[in-house]
Amino acid sequence: MHFTEKSRKTIDACRFCWMCRHICPIGNATGMERNTARARALGLSMVARGVEEIGASIANVYECALCGACTKECLTAWDPILFTTEAKLEAAMAGEMPEYIVSMIENIERTGNAYGKTELCTRLSESIASLPTDAETVLFLGKNAMYRTCRQACAAIELLKKAGVSFTVLTDEPSSGWDLFFLAGGAEETRQTMKACAASLNSFKTVVAYDPNDARMFRRQFKEWGIGLNAEVKTFTEFTAELIASGKLTPKKSASVFTFQDPASLARDLEETVPAREILNACGTTLEMLMNGRDTNLAGNLLMAEYMPEAMTKVAVRRWEEAQRIGASILVTANPDDYAALETVKPEGCRLISIEEAVLECL
Amino acid sequence: MNKFLFSMILTELEDAVGIENCSTRAIDKLTHSVDYFWLSRLFVDRGEKMPEADFVVSPKDAKEVSKVLKIANYYKIPVTTWGGGGGTQGGAIPVCGGIVLDTKRMNQIFDVNTDSMYIECGAGSIYKHIENAANEKGYATMHYPSSLNCSTVGGFLAHRGIGVVSTKYGKIDDMVLQMEVVLPNGDIIETSPAPKHAAGPDLNQIFIGSEGTLGIITKAQMRIYNQPEERRFRGFLFQDMHNAFLAGKELLQKIKPSVMRLYDETETGSIIKKIVGVEKKGAFMNIAIEGIAEIVAIEEKILLETFAKYGAEDLGSEYGEKWWKEKITFFYPGHALDLPWMFGTMDSIAPFDKIEQIYWAMKNAVESNFPMARFIAHFSHWYEWGAMIYDRFIVEEPPQDPVEALRLHQQIWNCGVRAALENGGVVNDHHGVGIKLGRLMKEQYGPAMQVFEGLKKQLDPNNILNPFKLGL
């Protein structure tokens, strides 16, 4: 197993440290000791020492959502995501990936998305077809929104239309590389996917990334790997907040009380927590969960839901419990992962909407 | 165990807790074989495997725990309870194999009861999560150990844990009202509805500290408190520890601070200097007083007057506040003691008339018998009658061979703890006994040990619960 020196040091630092246990959304939901950064590090430390084969640990590596809660929590700045993604890459190189991961990667090769879908929902197809093709701004929906939360993708398009934004959505939208990065780490295939994506987006002036996972790839991984993306990248929440601030969208303030579910990649990787609250405060008032902003708890991960659906259901149930404990009545999401997970286990009497739906209701 | 019998037992356990909550996966066995005990960490660091369980089960409630224990009793298989795995004494290591029973699925918060000021929760709840639940309602648990983020309610109870504001709010055994416990035979019992009674001995206190040898705690009611209106810190520097003890003792006859920590000159000059920034030589003492603002102001006046009598240099509030902010930072990788060093915390407790003597006896014993070892100490939990000593030894270059290292480790522990016992201390203050100190329990208790042994024999005749721990 060829971990980088930095990863080896991180593994050895994390293997006996439990200080981020309380913050892991997977571990908290499943109650399983293996679902901690410490457990993954301990397993991989035995692999690094040649005591265990990677096969003994790799399924556990895939039980991490890469949400970054442990990294954020670490007061001495160790980053368990580093060795988790390296382990995925090593497993890919060694042909030791779990079968269900191989299957998802084959789906990406065959259809361009991990779910193996070949058709968009009719409404989304029609919505995209109604847009001009020669705009300076492109709304990048991402594979999760396109194939898993079609209604919210349509709502996002509708919202930008109502704001009078001249924009398009690519009918053959490429992958940002997020899905491959999640499944295989920094493999060459991931790099090639990112390069192809950059090439198709570079003709635009502005890219509005609907899914924060894609925004994270554009803003962080593309830069880290030296893949040139000339277009300005804005998150959907950031862009929407600007539309409201500039008067292009004028929601009427209602009596609604919103509780925002910060997407982990938006709040932690991109350090963006304010625009969503500006949007919701323009539409009503907000009520915060204890774990909010950069301390947010992940509510869902669509890729993981493909191979560990029961655990991911528990993650969503737990987040609903946290919302209910503070008396939240309307939970608002800003990414497909959280929305799709929370929708499946929505408690009676609670409401779940996406942020674009919240604004549309107030126009 | 032969394959056939193994498979039979596995299916029974799966039937008890659900297939998905009963594991024989390598990763589950590995992660439950190493706790915070230095020797377990050393072994895996050297590429040696620690003893592993045959089965790892995660029951969701007392009923499922009961089913597991009935199976274990029938087949006479050891059961080791695992909470957060943050214990330092090897108490959670399944040294005889068998079943590890992980409590963390029992993590429900059933009630935040502000009428009677407690939270009822599953024993597998991470304490930080019940602190969050208290905070959401404007209250606090006031149990703030360094392992707050990682250890469970049951884990703290099983090892008689303590937090940094203990002098005002008490130890974990002061914070529990009622518990649900599953006995080794599978019977589910509840302790009395309230802890202060004359209905015989306190059942809570029989199971608190029993380290999973007498029963498995599955539910508990833990106290919550008002958030203080004000919390003020004051740092002091004493030129000798004797005066610090006199000052501390006198202060405690007048008021109850929340935080009260005295560091010896060596620890002041090393860890406190590094993390808190105290540059001066001497013994640093940090005091926090908290509660209603008007009372805090009066208590601060009493504190300053009392400590001035004993020549304490008032360092103001800055260092104390910095310590509070960094109180958990001490335990993160990079700041915490870690491999390749050998280290151990030999905490003990005694009345004031013995504690200083214990400090010097332990220091002399460790440093004179093991010249390669450094000895540092602080005194972090105080009572009207005495204080605990949190003393640590550090060996920067332990033997590479794990068995040789184990031998040296045990020799230092025997030497240090025996020095404490000979001078009126106890085997441990708040980390427990585990497998690390079991042999020394008999030396402390002598014939009194038969009380524990009698309980064990009556409750667990097949000796299935956590064998070789607590000296039982």
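What pairs can you find where one residue is in region A:74-95 and within 12 Å of chain B (Cβ to nearest Cβ), the other is of a type in the set (Ser, Thr, Tyr) and in a loop (DSSP other than H, G, I, E, B), and their Cβ atoms are less than 7 Å apart, with a gap of 6+ or different chains?
A:Cys74/B:Tyr332; A:Leu75/B:Tyr332; A:Thr76/B:Tyr332
Out of curiosity, is A:Gly43 in a helix (DSSP H, G or I), under 23 Å from A:Glu189 (Cα atoms) and within 11 Å of another protein chain (Cβ to nearest Cβ)?
Answer is no for this residue.
Go over the candidates B:Pro340, B:Pro333 one by one and state the one that is crowded, with 18+ Cβ neighbours inside 10 Å and assigned to a loop (DSSP other than H, G, I, E, B).
Answer to the selection: B:Pro333.
Please go through region A:170-210 and give me each residue that is among the hydroxyl-bearing types (Ser, Thr, Tyr) and at pLDDT 95 or above, ordered by number.
Kept after step one, since they are among the hydroxyl-bearing types (Ser, Thr, Tyr), are these residues of region A:170-210: A:171, A:175-176, A:190, A:193, A:200, A:203, A:206, A:210.
The answer is A:Ser175, A:Ser176, A:Thr190, A:Thr193, A:Ser200, A:Thr206, A:Tyr210.
Which one is nearest to the other protein chains (Cβ to nearest Cβ), of the residues in region B:302-345 that are small (Gly, Ala, Ser) and in contact (Cβ under 8 Å) with a residue 40 or more places away in the chain?
Filtering first and then ranking leaves B:Gly344.
Return the only residue of B:Asp202, B:Asp240, B:Asp187, B:Asp174 being surrounded by fewer than 17 Cβ atoms within 10 Å (Cβ to Cβ), among the charged types (D, E, K, R) and at pLDDT below 95. Don't jump to the end; show me each part of the working.
Working: B:Asp202 fails: at pLDDT below 95; B:Asp187 fails: at pLDDT below 95; B:Asp174 fails: at pLDDT below 95.
Residue meeting the stated conditions: B:Asp240.
Please determine, by comparing only the residues of region B:109-147 that are part of a loop (DSSP other than H, G, I, E, B) and at the interface with chain A (Cβ under 8 Å from one of its Cβ atoms), which one is farthest from the chain's Cα centre (by Cα).
This residue is B:Gly124.
Within region B:172-179, can one find any residue that is of a type in the set (A, V, I, L, M, F, W, C) and more than 17 Å from the chain's Cα centre (by Cα)?
Scanning region B:172-179 turns up at least one residue that is of a type in the set (A, V, I, L, M, F, W, C) and more than 17 Å from the chain's Cα centre (by Cα).
With B:Asp347, B:Asp353 as the choices, which residue is closer than 23 Å to B:His409 by Cα and acidic (Asp, Glu)?
Exactly one residue qualifies, and that residue is B:Asp347.
Conditions: (1) within 22 Å of A:Lys234 (Cα to Cα); (2) out of contact with any strand residue (DSSP E or B) (no Cβ under 6 Å at 6 or more places or on another chain); (3) part of a helix (DSSP H, G or I). A:Leu160 meets all but one. Number of the miss?
(2)
Checking B:Ile289 against (1) β-branched (Val, Ile, Thr); (2) surrounded by fewer than 22 Cβ atoms within 10 Å (Cβ to Cβ); (3) in contact with a strand residue (DSSP E or B) (Cβ under 9 Å, 6 or more places away or on another chain), which single condition isn't satisfied?
(2)
Tell me which of these B:Pro51 doesn't satisfy, since it passes every other one: (1) more than 24 Å from the chain's Cα centre (by Cα); (2) more than 14 Å from chain A (Cβ to nearest Cβ); (3) surrounded by fewer than 23 Cβ atoms within 10 Å (Cβ to Cβ).
Unmet condition: (1).
Looking at B:Glu397 and the list (1) charged (D, E, K, R); (2) in a strand (DSSP E or B); (3) over 19 Å from B:Gln89 (Cβ atoms), which single condition is not satisfied?
(2)
Here's the yes/no breakdown for (1) touching a strand residue (DSSP E or B) at 6+ places or on another chain (Cβ under 6 Å); (2) under 20 Å from B:Gly471 (Cα atoms); (3) assigned to a strand (DSSP E or B); (4) in contact (Cβ under 8 Å) with a residue 12 or more places away in the chain:
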residue: B:Asp28; (1), (2), (3), (4): yes, no, no, yes
residue: B:Asp35; (1), (2), (3), (4): no, yes, no, yes
residue: B:Glu48; (1), (2), (3), (4): no, no, no, yes
residue: B:Thr81; (1), (2), (3), (4): yes, yes, yes, yes
residue: B:Gly85; (1), (2), (3), (4): no, yes, no, yes
residue: B:Gly91; (1), (2), (3), (4): no, yes, no, yes
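Quick test for you: out of B:Leu5, B:Leu69, B:Leu13, pick the one residue that is away from every other protein chain (no Cβ under 12 Å), farther than 26 Å from B:Gln89 by Cα, surrounded by 24 or more Cβ atoms within 10 Å (Cβ to Cβ) and not polar (S, T, N, Q).
B:Leu13
Within the set of pairs 6 or more residues apart or between chains, which connect a residue that is touching a residue at least 60 places away in the same chain (Cβ under 8 Å) and over 21 Å from A:Leu249 (Cα atoms) inside region A:331-360 to a residue that is among the small types (Gly, Ala, Ser) and part of a loop (DSSP other than H, G, I, E, B) with Cβ atoms less than 7 Å apart?
Partner pairs satisfying both residue conditions: A:Asp337/A:Gly300; A:Asp338/A:Ala299; A:Asp338/A:Gly300; A:Ala340/A:Gly300; A:Leu342/A:Ala299; A:Leu342/A:Gly300.
Just a yes or no: is a residue in region B:354-376 among the aromatic types (Phe, Trp, Tyr), modelled with pLDDT of 95 or more, assigned to a loop (DSSP other than H, G, I, E, B) and touching a helix residue (DSSP H, G or I) at 6+ places or on another chain (Cβ under 9 Å)?
Within region B:354-376, one or more residues are among the aromatic types (Phe, Trp, Tyr), modelled with pLDDT of 95 or more, assigned to a loop (DSSP other than H, G, I, E, B) and touching a helix residue (DSSP H, G or I) at 6+ places or on another chain (Cβ under 9 Å).
Considering only strands (runs of 3 or more DSSP E) fully contained in region B:229-320, which possess at least 1 residues that are under 25 Å from the mean Cα position of the chain (by Cα), farther than 16 Å from B:Thr167 by Cβ and not assigned by TED's automatic domain parsing to the domain that holds B:Tyr169?
Because the criterion is at least 1 residues that are under 25 Å from the mean Cα position of the chain (by Cα), farther than 16 Å from B:Thr167 by Cβ and not assigned by TED's automatic domain parsing to the domain that holds B:Tyr169, the strands (runs of 3 or more DSSP E) in region B:229-320 that meet it are B:283-291.
With the requirement that a residue be closer than 24 Å to B:Leu42 by Cα, out of contact with any Ser or Thr (no Cβ under 9 Å at 6 or more places or on another chain) and not in a helix (DSSP H, G or I), what does region A:53-103 give you?
Selection gives A:Glu53, A:Ser57, A:Cys74.
Scan region B:21-34 residue by residue and report those that are of a type outside the set (Val, Ile, Thr), at the interface with chain A (Cβ under 7 Å from one of its Cβ atoms) and farther than 15 Å from A:Glu53 by Cβ.
The answer is B:Asp28, B:His32.
Does at least one position in region B:425-441 carry a residue that is under 15 Å from the mean Cα position of the chain (by Cα) and among the small types (Gly, Ala, Ser)?
Yes, there is a match, as at least one residue in region B:425-441 is under 15 Å from the mean Cα position of the chain (by Cα) and among the small types (Gly, Ala, Ser).
The values are calculated or read from the model by the stated rules, or taken from the named source; none is laboratory data. Being a predicted model, the structure only gives us computed values, none of them experimental. All Cβ positions, glycine included, derive from the backbone under ideal geometry; neighbour counts span all protein chains shown.
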